[in-house]
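Report on the structure given below.
The values are calculated or read from the model by the stated rules, or taken from the named source; none is laboratory data. Because the structure is predicted, anything quoted here is derived from the model rather than measured. Here the Cβ is made from the backbone with ideal geometry for all residues, glycine too, and neighbour counts use every protein chain on show.
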Amino acid sequence: MDSESDPSSKTQPKRHRCSACFKQFKRKDHLVEHMKISYHSHHQPKCGLCRKHCKCFQSLREHLTGTIPFHFSFCMYLKSPIAESLVVSGPHYLLGKLPSSSCSKIFADRGCDLCLNLFDNADDLSKHREKCRFSPPTPLATKLVASSPDVLMGYFGGKGIGEGVKAIAIDCEMVGGGNDGTTDLCGQVCLVDEDENIIFHTYVQPQFPVTDYRSEVTGLTEEHLKDGMPLKQVQEIISDILYNGESVGKARSDGGKARLLVGHSLDHDLDCLRISYPPNLLRDTAKYRPLMKTNLVSYSLKYLTHTYLGYEIQTGEHDPYEDCVSVMRLYKRIRSLDHYQVEQQVKKMIQRRRDGYFSWKLNELEKMSPDELYQISESSYKCWCLDLGSSSSSSS
């Protein structure tokens with residue numbers, strides 16, 4: 001009788017815990033609805049200790065360290081002398097949500113702050129950091145002086161680009177047209193292969209009068225552009241490099257021999273070049289979900305390079321070669337993740353989960369365990385690691 005009146009003896013309500021992000025729900029159907037909209041998969045960034053899945057790498061960083069970026073726009077909003085002084089001194093971080101105490105303690109001793117991987121001991125971490133942190137690329141001007149015209153112009157006729165080159169990085173520098181100088185016109189373009197070799201570089205003749213060379217950012221002047229290559233010729237050369245002899249129809253369906261195009265805010269560069277390229281062949285660091293904020297707002301290339309590669313770019317005039325190399329390094333870092341091995345392990349389930357949750361009735365889903373719900377969950381984006389595991393490309 002006494003035990004019945006004792007509140008502590010009452011059975012606690014059962015909680016239904018997500019196997020991926022560890023959120024808990026009072027009702028099973030709420031967990032099912034959560035799984036339907038979360039798109040959890042083995043491609044998501046996850047903690048190497050507790051295996052918690054995160055929507056993006058920034059969320060994982062907050063989980064492990066509790067730091068969030070202190071954005072420059074917020075500094076200016078504060079309008080204080082101290083805050084404004086931070087604007088010119090590079091990316092800063094503030095203490096955000098408290099990290100998982102158990103994970104953060106171990107990560108502080110054995111975790112890499114760039115790739116967020118964990119290592120068995122401090123010696124392994126030290127050796128890894130030497131490889132993980134990149135040095136800034138050689139400035140474009142130095143590269144051009146060191147390169148012969150034959151090397152730089154080797155793209156003609158398809159020569160000079162290795163057959164094994166599957167991805168090309170691009171960056172454009174824009175000058176301003178129109179009465180107020182706000183119309184973007186391509187003034188310079190650079191293409192780089194996976195080994196950071198310059199495949200193509202040229203200044204571009206503007207199709208309309210330039211009213212603002214934006215020299216403090218682009219470093220471009222009238223002298224640079226007066227003998228530039230006509231835009232139509234630039235379009236033809238870039239298309240030849242990218243399509244690699246493949247038909248447009250074949251490239252749009254499964255890629256074929258066409259190359260992947262890597263960049264940051266690619267839609268902007270392609271618009272200014274007036275080039276269209278199949279979306280399934282684009283690898284955009286500004287739109288790749290794990291590299292974005294949780295609210296799907298893009299980070300700048302400057303921030304991504306500092307945070308994930310460990311060096312500074314765009315400290316003065318923008319260097320298109322520097323930006324090309326940085327986006328290519330980011331792409332290759334993501335592409336090298338070992339998700340593909342996991343993908344092969346679950347390949348037998350692909351037919352079963354072809355239609356995802358929509359092929360199952362609600363009462364069938366509610367009978368599944370959290371782990372079984374996770375197994376039929378699919379990512380809402382194509383992970384770049386799959387570029388290495390498959391010769392064909394599918395929608396990103």
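I198: surrounded by 19 or more Cβ atoms within 10 Å (Cβ to Cβ) and either at pLDDT below 95 or not assigned by TED's automatic domain parsing to the domain that holds S276 (or both), yes or no?
On the way: surrounded by 19 or more Cβ atoms within 10 Å (Cβ to Cβ): yes; either at pLDDT below 95 or not assigned by TED's automatic domain parsing to the domain that holds S276 (or both): yes.
So I198 fits the description; yes.
Which condition does A251 not pass, out of (1) in a helix (DSSP H, G or I); (2) at pLDDT 95 or above, if it passes all the others?
(2)
Would you confirm whether any residue within region 284-306 is outside the structural domain of H128 (by TED's automatic domain parsing), aromatic (F, W, Y) and under 16 Å from I238 (Cβ atoms)? Show your work before the answer.
Step one: of region 284-306, the residues outside the structural domain of H128 (by TED's automatic domain parsing) are 284-306.
Checking the rest, the ones that are also aromatic (F, W, Y) come to 288, 299, 303.
Remaining after also requiring under 16 Å from I238 (Cβ atoms): none.
Taking every residue of region 284-306 in turn, none turns out to be outside the structural domain of H128 (by TED's automatic domain parsing), aromatic (F, W, Y) and under 16 Å from I238 (Cβ atoms).
Being surrounded by fewer than 21 Cβ atoms within 10 Å (Cβ to Cβ) and of a type in the set (D, E) is the filter; apply it to region 232-272 and report the residue that is nearest to D323 (Cα to Cα).
Here is the first cut: in region 232-272, the residues surrounded by fewer than 21 Cβ atoms within 10 Å (Cβ to Cβ) are 232-233, 235-237, 239-240, 242-250, 252-254, 256-257, 265, 267-268, 270-272.
Then drop every residue that is not of a type in the set (D, E), which leaves 236, 240, 246, 254, 267, 271.
Numbers: E236: 23, D240: 22, E246: 27, D254: 28, D267: 16, D271: 18 Å.
Looking at residues that are surrounded by fewer than 21 Cβ atoms within 10 Å (Cβ to Cβ) and of a type in the set (D, E), I get D267.
Could you please give the count of residues in region 297-330 that are of a type in the set (F, W, Y) and in contact with a Leu (Cβ under 8 Å, 6 or more places away or on another chain)?
Start the filter on region 297-330 by keeping residues that are of a type in the set (F, W, Y), which leaves 299, 303, 308, 311, 321.
So of that shortlist, the ones also in contact with a Leu (Cβ under 8 Å, 6 or more places away or on another chain) come out as 299, 308, 321.
Total meeting the criteria: 3.
So, in region 303-315, how many residues would count as being in contact (Cβ under 8 Å) with a residue 60 or more places away in the chain and either of a type in the set (K, R) or part of a loop (DSSP other than H, G, I, E, B) (or both)?
Step one: filter region 303-315 for residues in contact (Cβ under 8 Å) with a residue 60 or more places away in the chain, giving 303, 306-313.
With either of a type in the set (K, R) or part of a loop (DSSP other than H, G, I, E, B) (or both) added as a condition, the list becomes 309-313.
Residues that pass the stated criteria total 5.
Can you pull out the residues in region 135-166 that are modelled with pLDDT of 50 or more and crowded, with 16+ Cβ neighbours inside 10 Å?
P136, P137, L140, K143, G160, I161, V165, K166
With the requirement that a residue be among the hydrophobic types (A, V, I, L, M, F, W, C) and assigned to a loop (DSSP other than H, G, I, E, B), what does region 33-50 give you? Quick ask: steps written out before the conclusion?
Going through region 33-50, the residues among the hydrophobic types (A, V, I, L, M, F, W, C) turn out to be 35, 37, 47, 49-50.
C47, L49, C50 - these are the residues of region 33-50 that are among the hydrophobic types (A, V, I, L, M, F, W, C) and assigned to a loop (DSSP other than H, G, I, E, B).
Just to be sure I understand the filter: pairs with C-beta atoms under 6 Å, separated by 6 or more residues or on different chains, first member in region 316-343 and within 23 Å of L191 (Cβ to Cβ), second member small (G, A, S) and modelled with pLDDT of 95 or more. Which pairs pass?
Final answer for the pair search is C324/A169; V327/A169; V327/G263; M328/A169.
Would you mention how many residues in region 283-298 are surrounded by fewer than 18 Cβ atoms within 10 Å (Cβ to Cβ) and part of a strand (DSSP E or B)?
Result for region 283-298: 0.
Restricting to region 221-231, name every residue that is surrounded by 16 or more Cβ atoms within 10 Å (Cβ to Cβ) and assigned to a helix (DSSP H, G or I).
Within region 221-231, H224, L225, L231 meet the criteria.
Considering only residues that are over 30 Å from G245 (Cβ atoms), part of a loop (DSSP other than H, G, I, E, B) and acidic (D, E), which ones fall in region 163-220?
Result: D180, single match.
Within region 232-248, track down each residue that is outside any helix (DSSP H, G or I) and either touching a residue at least 40 places away in the same chain (Cβ under 8 Å) or among the basic types (K, R) (or both). Show your work before the answer.
Of all residues in region 232-248, those outside any helix (DSSP H, G or I) come to 244-247.
N244, G245, listed by residue number.
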